[in-house]
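Asker: First, the structure itself, so that you have it in front of you.
Derivation of every value follows stated rules applied to the coordinates shown; laboratory data play no part. Computed from a predicted model, the values in this text were never measured in an experiment. Every residue, glycine among them, receives a Cβ derived from its backbone with ideal geometry; neighbour counts consider all protein chains shown.
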Amino acid sequence: MRVAYFDCFSGAAGDMVLGALLSAGAPRERLLSLPARLGLGGVSVQVGEARRGPFVAVRVEVSVTGGQPHRHLSHLERLLEAGDLTPAARDRARQVFRRLAQAEAEVHGSSVEQVHFHEVGAADALVDVVGSIELLEALGVEEVYASALPLGRGSVRAEHGAIPVPAPATALLLRGAPVEIPDVDAELVTPTGAALLSTLVRHWGPPPAFTLQAVGTGAGARDLGARPNVLRVLVGEAEAPGLPRHRVAVLETALDDENPQFVSELVGRLLERGALDAMVTPTQMKKGRAGLWLVALAEPERAADLARLILAETSTLGVRTRVEERFELERRREEVETPFGRIGLKVARLPGGGERAVPEFEDVRRAAERAGRSLREVAQAALRAWKPEEP
């Protein structure tokens, strides 16, 4: 499986992504021909080199002669539909621009259909977005990873006047992504860069182990002085995907002077607040004291909220956290009709084929109470309805 890892040391913009991919060996002709294939008159692409600190990097510039119209999402989608693109590149570009439209609509209190893209919808953004997608496709990249994004600070001039950095649309697009705010008065991540990476990146943080085959370095438009304004991409081959992996936060604390009934109630509250799992086990503390070991799993972005709940509801003075990866089975939710009513099931796909189903306990409990039957009987009825025995 071919992977690409973007090292966003100095942020990300569409032209930096293009430069990095060309430097890594993507075909230059594919990018140079893009304006014509999109039907963008008066638009051309220049590729050269620029020094940024100790790096000599590929610099991509899009030149526009004559006026370009303000474009709405429907205009962009028509350009993409008529362009000479692969179906996969067309669909992915449509996803990027729809994310941009949604962010702009939220910023301006408008609708996706009414938003016009001004700077981010101009011809250079079309080249940046579609070009990046096509160059990744040309390199055979199947999965994209990226480091945390440094956003910068200060303000920039836009069509609506001075706006803060990160730009409002950039901030909205990066919800859920890891970010940093270094002491740099510059816009390090543009809305186009944010839309591209937030759409393309499957995993933020370190990539899987892979055999490095190519390194590319793209130059940003500005020279930031002590901080080289470059974006690097590392391309290589990773092992074919096996079991899916997912990053989770692990929260744990030891309790040696707590009412077990209170802790049992807390487990339920943790699950209600978004924990993926929570459990308590008895343990022996120092000096032979009996204690309880509380462990919760959560999405990393929910860890702080759950830690606050544990600190507020128990006698502990601290909660340890760490981020780990876990192998997971692919799963989906189904519902089946039983003599006791509809029951939901979690259905997991097993390694090597086959599936396994587990009835949702709360559905089983409610149905059993209504019918006056045992939990086991209702659960077995749900499994029989999901996969009837062969005659």
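Asker: Based on alpha-carbon atoms only, what is the radius of gyration of the chain relative to the globular estimate 2.2 N^0.38 Å?
Answerer: My calculation over the Cα atoms of the chain gives 1.22.
Asker: Once you list every other residue whose beta carbon is under 11 Å from the beta carbon of Gly131, what net charge do they have if Lys and Arg are +1 and Asp and Glu are -1?
Answerer: Working: positive: Arg28, Arg30, Arg37; negative: Asp15, Asp124, Asp128, Glu134, Glu137.
Within the 11 Å Cβ shell, the charges total -2.
Asker: Given all pairs of different Cα atoms, what value in angstroms does the Kirkwood hydrodynamic radius of the stretch 296-343 take?
Answerer: 14.4
Asker: Just to confirm the number: angle between the C-alpha axis of helix 14-23 and the first principal axis of the chain, 0 to 90 degrees, nearest 10?
Answerer: 80
Asker: Can I ask one more? So for the stretch 322-391, what are the equivalent ellipsoid semi-axes in whole Å, largest first, each being the square root of 5 times an eigenvalue of the Cα gyration tensor?
Answerer: 26, 17, 8
Asker: Relative contact order for the stretch 231-371 using alpha-carbon pairs under 8 Å, separation at least 6, rounded to a whole percent?
Answerer: Details: 220 pairs, mean separation 34.8, N = 141.
In percent, rounded to a whole number, it is 25.
Asker: Now a separate question. Once you order the gyration tensor axes a ≥ b ≥ c over the Cα atoms, which shape class does the stretch 236-391 get: rounded for a/c under 1.5, otherwise prolate or oblate by comparing a/b with b/c? Working shown, then result.
Answerer: On the way: a/c = 2.58, a/b = 1.38, b/c = 1.86.
Because a/c hits 1.5 or more and a/b fails to exceed b/c, the stretch 236-391 counts as oblate.
Asker: Using a cut-off of 20 Å between alpha-carbon atoms, which lysines can reach Lys387, once sequence neighbours fewer than 8 places away in the same chain are excluded?
Answerer: Correct list for Lys387: Lys346.
Asker: Identify the GluC sites (Glu not before Pro) of the stretch 223-291 meeting these criteria: DSSP loop state and at most 16 other C-beta atoms within 10 Å of the C-beta.
Answerer: Counting only loop positions with at most 16 other Cβ atoms within 10 Å, the GluC sites (Glu not before Pro) in the stretch 223-291 are Glu239.
Asker: Oh, and also: Roughly speaking, what is the centre-to-centre gap between the stretch 296-336 and the stretch 216-264 when only Cα atoms are used, to the nearest Å?
Answerer: The stretch 296-336 and the stretch 216-264 have Cα centres separated by 16 Å.
Asker: Further question: At a Förster distance of 25 Å, what's the computed FRET efficiency of Glu369 paired with Glu299, Cβ-Cβ distance as r, to 0.05?
Answerer: 0.20
Asker: Please state, to two decimals, what the Cα-based radius of gyration of the stretch 170-275 comes to when divided by 2.2 N^0.38 Å (N = residues). Don't skip to the end; give the middle numbers.
Answerer: Details: Rg = 20.9 Å, N = 106, 2.2 N^0.38 = 12.9 Å.
So the Cα radius of gyration is 1.61 times the expected 2.2 N^0.38 Å.
Asker: What number, rounded to the nearest 500 deg cm²/dmol, is the helix-based mean residue ellipticity at 222 nm of the chain, given -39500 (n - 2.57) per DSSP H run of at least four residues and division by all its residues? List each step's numbers first, then the result.
Answerer: On the way: 12 runs with 130 residues, N = 391.
About -10000 deg cm²/dmol.
Asker: While we're here: Where does helix 87-108 land angle-wise versus the long Cα axis of the chain, in degrees 0 to 90, nearest 10?
Answerer: Roughly 80 degrees, rounded to the nearest 10.
Asker: Here's another thing I want to ask about it. Rg over Rh of the stretch 14-79, using C-alpha atoms and the Kirkwood radius, what does it come to?
Answerer: The Rg/Rh ratio comes out at 1.04.
Asker: Right, here's the next one. Note the angle between two axes, namely the Cα long axis of helix 303-313 and the longest principal axis of the Cα atoms of the chain, as a number of degrees from 0 to 90, rounded to the nearest 10.
Answerer: In the chain, helix 303-313 runs at an angle near 30 degrees to the longest axis.
Asker: At a Förster radius of 51 Å, what calculated FRET efficiency corresponds to the Cβ-Cβ distance of Ser74 and Arg384, to the nearest 0.05? Kindly include the intermediate steps, with their values, before the conclusion.
Answerer: Details: r = 50 Å, r/R0 = 0.98.
Here the calculated transfer efficiency is 0.55.
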